[in-house]
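Beneath this line is the structure, given in C-alpha cells, with notes to follow.
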Amino acid sequence: MATPTVVIIPGSFAPSKHYRVFTESLERHGIDSRVIDTPSVGKRGNLRPATMSDDADEITNVVLKLLDEGKEVVLMTHSYGGIPGTQSLSKLSRKAREAEGKQGGIDKIIYLASVVLQPGVSNLDAFGSALPDFLDLKDDYMTLDPKGHATHTFSDLPFDEAFELAKQMPEHSTPSFREPLTYPGYNDVEVHYIVSGPDYPAPVPAWHD
C-alpha cells in the first residue's frame, strides 16, 4: 500500500516556510508532503485581498493534480487552515469525485489545533470578542505585533527565537476571516483531531465544538 501524500494547509499569517521543520521530519519517515501557499497570507500586489474561497480553490488546484496522478492524499490543516480545508472537500472528497464519475478523492482530514466551524459561521464570528490585543484588524488586511504575539504563537520556544519567527509573518486578508463556511466537508470523510494543549491564537470553543 502506497504511503499517502500529506497536504498541509497553514494557519493565518503563516508562510509555508514555517512548516519546513515538520515537512523535513515527514520526509525522514518516508512521507511525501506539500504545503499550500494560501493566497490570504500576505499582500498580492494589485490584486484584491484573498477570500477564504480563494484559499479553498488553491487547495483544490494543488490536490487535484495529485489525485489525477493517482496519489492518495490526506489533508492536514492547522488553525485557520481548517476552514478552507473543510470547504475544499466539496470538490475533493471521494464522495464528490465519484459523483462526477472520477476516481480517487480525499478520505481523511487531520485537524491540528484547527478551527472547525458550522456552515454559516466565519472565523471572526468564532473569535467574537476574543480577538487578541496584538492583532490590528482593518478592512483589507490584518497585522500582528511581533513582540506581542511571539510568545502566544510560538509558546514553546525561547523568546528570541519566537520573536524572529513572528517577524516573518506577513499581513493576512481580513475578507478571509469574514467569509463563512458554506460546506461541512467533515461529514464526507474520516476525521482526526489533534489537540495540542494550550493553543493561544485559536479560541477554544472554535476548535472543540
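The values are calculated or read from the model by the stated rules, or taken from the named source; none is laboratory data. Quick caveat, the model's predicted, so the values are computed rather than measured. For neighbour counting, all protein chains shown are included, and Cβ atoms are generated from backbone atoms with ideal geometry for every residue, glycine included.
Within the stretch 97-118, can one find any residue that is of a type in the set (A, V, I, L, M), more than 19 Å from the chain's Cα centre (by Cα) and over 30 Å from Gly70 (Cβ atoms)?
no
What pairs can you find where one residue is in the stretch 154-176 and within 19 Å of Lys17 (Cα to Cα), the other is of a type in the set (D, E, K, R), and their Cβ atoms are less than 7 Å apart, with a gap of 6+ or different chains?
That search, which allows pairs on different chains as well, returns Phe163/Lys147; Glu171/Lys43.
Condition first: touching a Leu at 6+ places or on another chain (Cβ under 7 Å) and buried (at least 19 other Cβ atoms within 10 Å of the Cβ). Can you find one or more residues in the stretch 24-37 that meet it?
Looking through the stretch 24-37, none of the residues is touching a Leu at 6+ places or on another chain (Cβ under 7 Å) and buried (at least 19 other Cβ atoms within 10 Å of the Cβ).
Mind checking whether some residue in the stretch 45-66 is modelled with pLDDT under 95, surrounded by 13 or more Cβ atoms within 10 Å (Cβ to Cβ) and either within 19 Å of Phe13 (Cα to Cα) or out of contact with any Asp or Glu (no Cβ under 7 Å at 6 or more places or on another chain) (or both)?
The answer is no; no qualifying residue exists.
With respect to the numbered conditions (1) in contact with a strand residue (DSSP E or B) (Cβ under 9 Å, 6 or more places away or on another chain); (2) part of a loop (DSSP other than H, G, I, E, B), which one is the sole condition not fulfilled by Thr77?
For Thr77, the exception is condition (2).
Could you figure out which of (1) in contact (Cβ under 8 Å) with a residue 12 or more places away in the chain; (2) exposed (fewer than 15 other Cβ atoms within 10 Å of the Cβ); (3) at positive phi isn't true of Lys147?
That leaves (3) as the condition not met.
Taking the stretch 1-22, which residues are surrounded by fewer than 17 Cβ atoms within 10 Å (Cβ to Cβ) and either touching a residue at least 24 places away in the same chain (Cβ under 8 Å) or part of a helix (DSSP H, G or I) (or both)?
Ala2, Thr3, Ser16, Lys17, Arg20, Val21, Phe22
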